[in-house]
Every structure is written in C-alpha cells, then in structure tokens.
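Worksheet: the structure to be examined is printed underneath.
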Amino acid sequence: MGYIKKVSKEPSFIQDGLNGFSSNINNENISIDIIEVYKGHEKYCTNKVSSHIYYVLEGNGKFKINGELYDVEMGDIIEIPKNTEFIYIGKMKLLLIMSPAFQANNNVEGKNNDLYN
C-alpha cells in the first residue's frame, strides 16, 4: 500500500464545461478529485448517498444549491449534503471530497445548467 497518491495527469472525466482529475485512494468512505472548471457543471446534480465538499483552490464562480445562488471565491468551502440539488459556473479549480466515495448509480442528473444564460 502506497501512502502517497497522485492525481491523474490526464482527465479522468470530461464534461462540457469542466475536466475532472481523480485520485485512486484505498478508502471506500471518500473520493477525492480536482475539478478544473472553465465554464461550469453541465447539468443539475443530486446524489442520493454522498455529501460533496468543495474547496475553491483558485478562481471564483457561483453555486446554485436548492434554488439559492451563492458567490464563491478562492478559500471558500462549499458543503452540499446528500439529496441536495446543485449546479455551478465559473472559472475555478476545485478540490472535491465526497463521502461516501462517488458511485455513478447514486447520482441523479437533472435539467441543463440554467446559469449559463
């Protein structure tokens, strides 16, 4: 077991608006990703099981969480509990920690991002 983990150099996932870089940690209780946002999250998201904790490493943007709009900037922490609908836009670099670890079948994808307008 290695104690030092590296984030992938190539995107682990790509959406229209962001690139995600995953780490391969040996703990099913959390997942950790770096998200490079150049536009935003393309669709509203709700996770039935996992909480999302974002830390803004660079840049700024907006999060819409349960219908409320929040301005975010470098140094902010955004905590989104499970079963909470959210979306974001901006030009930012985010650290994402999910607990329990991300599993695609727990995500509920919603309508397109209406913050692009």
Worksheet entry | Qualifying position, being in contact (Cβ under 8 Å) with a residue 60 or more places away in the chain, within 13 Å of the chain's Cα centre (by Cα) and closer than 30 Å to Asn26 by Cα, among Ile97, Ile80, Ile87 | Ile97
Worksheet item: Any residue in the stretch 2-23 that is in contact with a Pro (Cβ under 9 Å, 6 or more places away or on another chain) and charged (D, E, K, R)?
Response: no
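Quick grid of which residues meet (1) over 25 Å from Gly2 (Cα atoms); (2) open to solvent by 30 Å² or more (accessible area, probe 1.4 Å):
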| position | (1), (2) |
| --- | --- |
| Ile25 | no, yes |
| Ser31 | no, no |
| Glu42 | yes, yes |
| Cys45 | yes, no |
| Val49 | yes, yes |
| Glu58 | yes, yes |
| Phe63 | yes, no |
| Asn66 | yes, yes |
Worksheet item: If a residue has to be open to solvent by less than 70 Å² (accessible area, probe 1.4 Å) and at positive phi to count, how many in the stretch 71-117 make the cut?
Response: 2
Discussion item. Please go through (1) among the basic types (Lys, Arg); (2) closer than 18 Å to Asn106 by Cα; (3) modelled with pLDDT under 95 for Lys82 and return the number of the only condition it doesn't satisfy.
Written reply: (3)
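The values are calculated or read from the model by the stated rules, or taken from the named source; none is laboratory data. Being a predicted model, the structure only gives us computed values, none of them experimental. Virtual Cβ from ideal backbone geometry, glycine too; neighbours counted across all protein chains shown. In case anyone asks, the SASA skips ligands and DNA or RNA and just uses the protein heavy atoms, side chains included. Shrake-Rupley method; radii C 1.70, N 1.55, O 1.52, S 1.80 Å.
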